[in-house]
Structures are given as C-alpha cells and as structure tokens.
1. Applying the selection to the range 74-107, what residues are farther than 16 Å from Val6 by Cα, modelled with pLDDT of 90 or more and either in contact with a Ser or Thr (Cβ under 6 Å, 6 or more places away or on another chain) or open to solvent by 80 Å² or more (accessible area, probe 1.4 Å) (or both)?
2. Take the range 62-91 and flag every residue that is in a helix (DSSP H, G or I), among the polar types (S, T, N, Q) and touching a strand residue (DSSP E or B) at 6+ places or on another chain (Cβ under 8 Å).
3. Please tell me if Ser106 is without any contact (Cβ under 8 Å) to a residue 24 or more places away in the chain, among the hydroxyl-bearing types (Ser, Thr, Tyr) and under 18 Å from Gln68 (Cβ atoms).
4. May I ask you to list pairs of residues, at least six apart or on different chains, whose Cβ atoms are under 8 Å apart, with the first in the range 43-56 being free of Cβ contacts under 8 Å to residues at least 40 places away in the same chain and part of a loop (DSSP other than H, G, I, E, B) and the second being of a type in the set (Phe, Trp, Tyr) and surrounded by 10 or more Cβ atoms within 10 Å (Cβ to Cβ)?
5. How many residues does the range 16-42 contain that are assigned to a strand (DSSP E or B) and out of contact with any Asp or Glu (no Cβ under 8 Å at 6 or more places or on another chain)?
Amino acid sequence: EGSIGVYRTGGAKRKGAARLSLRLNVASTDKRLIDWLASVTGVGSTNLHNVAKGNRRTSWEWQVRSRQAAELLFDVAPYILIKDEQVRVACEFANSMGPGGCHPLSVETVALRERLAMELRDLKRAA
C-alpha cells in the first residue's frame, strides 16, 4: 500500500509557522519489498510500521520526504498508471519548493502550496 501526500510540519512546536512537506510512503507486511525500495532508490528510511496484534500482521514502511520525494516523483512520473493525477499535483507542489533551507515563501507561493495540498487530499479521498 502506498501514498503520496503533503503534510503539515512544524508550527508552534518549532517556533514559527507550520510548513508543508511532500512525503511518499509504502507499507507492506513483506519487509523484502521495503528493503528493496530503499536499496533500488538509495533514498528514504525504513521503519517498523505496525506490530502484529490479533489478526493484524507486522508491517514495515518505507518513507521518502521533501526534496528526495520530489526527485523520485519526477523520475517515476512517466511510469505511473494508477495515481497519475496525484503524482501530477505532487510534482506541481515540488516545483513550488524553494532552493532549500529556511527561506521565506511569498504569499502567492504559500497560497499555491495550500491549494495543491488540498487538491492532493481531495484526489486521495476520491480514489
């Protein structure tokens, strides 16, 4: 199971405005898939996602954030069939990312990123 999302990070805990961050996640009960994704792409982190309990099996997660997520999406976009609209919106969001670091964003860029985050959320709910 995989997802593409824009998530709010920071805020009051970070002494400033919340930021929006691009994130890719894949979760599986087969750790070999998670390890393979990390090995083939060379990016992201792998984590224990859920511990087995009752009928639920242990699952693992591969997660890629921010610029690494953007670069990976640009690379795989031509091959995506199922979540192509989500990838398109996520790539548009990635194009709004600045040069890195803590550079202030213009009001227009903040509004664009908020709109794209909502559009991506709506696409995920409609799927």
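The values are calculated or read from the model by the stated rules, or taken from the named source; none is laboratory data. Remember, predicted model here, so these are calculated numbers, not experimental data. Methodologically, a virtual Cβ is constructed for each residue, glycine included, from the backbone with ideal geometry; neighbour enumeration extends over all protein chains shown. Each accessible area value is taken on the protein alone, full model and side chains, heavy atoms only, with ligands, DNA and RNA left out. Shrake-Rupley method; radii C 1.70, N 1.55, O 1.52, S 1.80 Å.
1. Selection gives Asp75, Pro78, Tyr79, Leu81, Ile82.
2. The first filter runs over the range 62-91 and keeps only residues in a helix (DSSP H, G or I), leaving 66-79, 84-91.
Filter once more, keeping what is among the polar types (S, T, N, Q): 66, 68, 86.
Across the range 62-91, the qualifying residues are Ser66, Gln86.
3. Working: without any contact (Cβ under 8 Å) to a residue 24 or more places away in the chain: yes; among the hydroxyl-bearing types (Ser, Thr, Tyr): yes; under 18 Å from Gln68 (Cβ atoms): no.
In short, no.
4. Once the first residue is free of Cβ contacts under 8 Å to residues at least 40 places away in the same chain and part of a loop (DSSP other than H, G, I, E, B) and sits in the range 43-56, its partners that are of a type in the set (Phe, Trp, Tyr) and surrounded by 10 or more Cβ atoms within 10 Å (Cβ to Cβ) give Gly44/Trp62.
5. First, the residues of the range 16-42 that are assigned to a strand (DSSP E or B): 18-28.
After this cut, where a residue has to be out of contact with any Asp or Glu (no Cβ under 8 Å at 6 or more places or on another chain) as well, the list is 18-19, 21-24.
Total meeting the criteria: 6.
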